Amino acid sequence: MSIESLVKPHIAKLEPYQPGKPVEELERELGITGAIKLASNENPLGPSPKAVAAMRAALDGVNRYPDGGSFRLRAKLAARLGVEPGALVFGTGSDGILEFLAKTFLGPGDEAIYAWPSFAMYPIVVNGSGATSVTVPLDDGLAHDLPAMRRAIGPRTRLVFVCNPNNPTGTSVGAAAFDRFVESLPADLVLAVDEAYVEYARRPDFPDALAWAKRRPGTIVLRTFSKIYGLAGLRVGYGVGDPELVGFLERARHPFDVGLLGQIAAEAALDDLEHVERARRLNGEGMDFLVRELAALGLETWPSDANFVLARVAGAGRAANGRAVYEALLREGVIVRPMGGFGLTEHVRITVGLPEENARLVAALRKLRAEGRA
Ligand SMILES: *Cc1c(COP(=O)(O)O)cnc(C)c1O
């Protein structure tokens, strides 16, 4: 008997997730200090001070299990969103909600549709359930091709993911295209709209997916406290949707997905609208700066409604590939995300940081450019 022979074939086929190295470890290996991380779309302002204070006050209570129903967080968020408490489900990040969706709706023989390149968790949860991933390439502007996704729906389709704004391209779809797409969907499939970056979106015609979640059964909107709320390390995400659908996801989850500190911090963060507004403003200014400066370096970028921007830094008279630029930037103490794993071999994804961090990234790229390395 070998362990391997016992492993489910669809699990054996998966590639383990490659975690990035901790910043301290990279610094040690490269012999540098003061590196900045613009790689994981985190809030550079940090968490809300109110969330930190609330957690401090709660530390002595962590011998207790968390509230399995997230009662207070649920009530506050439901009131904020104008939904009933039963329309919400909480998970260990919105990654957790993706897992519940796969567990509830997918198995061998089923299909789930998503765009590609898009969020790396979709293949992990779909393929991990034994179902088949049907990927639909982004259009020429690296945005969701919703008509093509509609055409990809077949008799085995159970679940469709729309990531808006899309990670890793930052592109978004507007209300007209989105509404047309949702109206065209058959009733017997689940639509999951991943809005991890919705709070950053600036286009005036950004779709109202929440309105669809209240109207179309089988619709769920995924949101998170990891991005603009600055609580990525706590792992709190949620889904808002049709209470019937949410009720099934509640069966698929574990009793204590969201920890005690996570619930308390998320609740306090919801009350700190000023912090959210500050993060939004800072991001808008940083985005405008980066887009302008990258253009001045002759680098192509894509319009982003999120807190990161995709840039083509290699090819045609430049470095060989995005990986080379990523590694050269590392040596300058600036960590970005190479995109080769998404088939975007000439690109890197840059998270908008603090003003001085953005300036440092631009200065590092300018230096590499002058040396013919970007
Ligand atoms: C970051 C991100 C998430 C959120 O992940 P969490 O598990 O909530 O930290 C979800 N979807 C997309 C597209 C993301 O980029």
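The values are calculated or read from the model by the stated rules, or taken from the named source; none is laboratory data. Please read these numbers as outputs of a predicted model, since none were measured by experiment. Note: ideal-geometry Cβ built from the backbone for every residue, glycine included; neighbour counts use all protein chains shown. Please note that ligands, DNA and RNA were not included when accessible areas were found on the heavy atoms of the full protein model with its side chains. Shrake-Rupley method; radii C 1.70, N 1.55, O 1.52, S 1.80 Å.
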* To do: Enumerate by residue number the trypsin sites (Lys or Arg not before Pro) in the stretch 275-359 meeting two conditions: DSSP loop (anything except H, G, I, E, B), and at most 11 other Cβ atoms within 10 Å of the site's Cβ.
  => none
* To do: Over 18 Å between C-alpha atoms is what I'm after, so list which of Lys21/Lys50; Lys8/Lys103; Lys50/Lys76; Lys50/Lys227 land there.
  => Lys21/Lys50
* Percent of Cα pairs exceeding the 38 Å cut-off, where the set is the chain -> 19
* Structure fact -> Hits for the chain under the membrane-span-like helix rule (DSSP H, Cα axial span at least 20 Å, Kyte-Doolittle mean at least 1.6) are none
* Using the heavy atoms of the protein chains and a 1.4 angstrom probe, tell me the accessible area per residue for the stretch 49-272 in square angstrom. => 40
* **Full-stretch length increase - Glu327, Ala359 - with 0.36 nm per residue and alpha-carbon distance subtracted** => 9.7 nm
* Could you check the simple spin-label distance between Ala295 and Ala57, using points 7 Å along Cα→Cβ, in nm with one decimal? => 4.7
* Across the stretch 49-272, how large is the tail of the calculated P(r) beyond 29 Å, expressed as a percent of all Cα pairs? -> 24
* Structure fact -> With -39,500 (n - 2.57) per DSSP H segment of 4 or more residues and division by the full residue count of the chain, the 222 nm estimate, nearest 500 deg cm²/dmol, is -12000 deg cm²/dmol
* Structure fact -> FRET efficiency (Ala148, Ile11; Cβ distance; R0 35 Å; to 0.05) is 0.70
* At most 14 other Cβ atoms within 10 Å and a DSSP loop assignment: could you name the chymotrypsin sites (Phe, Trp or Tyr not before Pro) in the stretch 206-291 that fit? => Phe256
* Using the Karplus curve 6.51 cos²θ - 1.76 cosθ + 1.60 with θ = phi - 60°, work out ³J(HN,Hα) for each residue of the stretch 187-201 in order, rounded to whole Hz, and write x for Gly and Pro. => 6, 8, 8, 8, 9, 10, 9, 8, 10, 4, 10, 4, 5, 8, 4
* **Environment charge of Gly68, counting only residues whose C-beta is closer than 10 Å and scoring Lys/Arg +1, Asp/Glu -1** => -1
* Asked: How compact and how long is the stretch 166-245, expressed as Rg and Dmax of its alpha-carbon atoms in Å?
  -> 13.2, 38
* Asked: With point charges of +1 on the Cβ of Lys and Arg and -1 on the Cβ of Asp and Glu, referenced to the Cα centre of the stretch 96-200, which listed residue (Pro137, Ala187, Val162) lies farthest in the positive direction of the dipole?
  -> Ala187
* Asked: How much of the accessible area of the stretch 127-270, probe 1.4 Å, is carbon plus sulfur, in whole percent?
  -> 53
* Lys8 accessible area, nearest 10 Å², 1.4 Å probe? -> 130
* When Lys and Arg each count +1 and Asp and Glu each count -1, what net charge do the other residues less than 15 Å away from Arg253, Cβ to Cβ, add up to? -> -1
* **Net charge over other residues, Cβ less than 15 angstrom from the Cβ of Val23 (K, R count +1; D, E count -1)** => -1
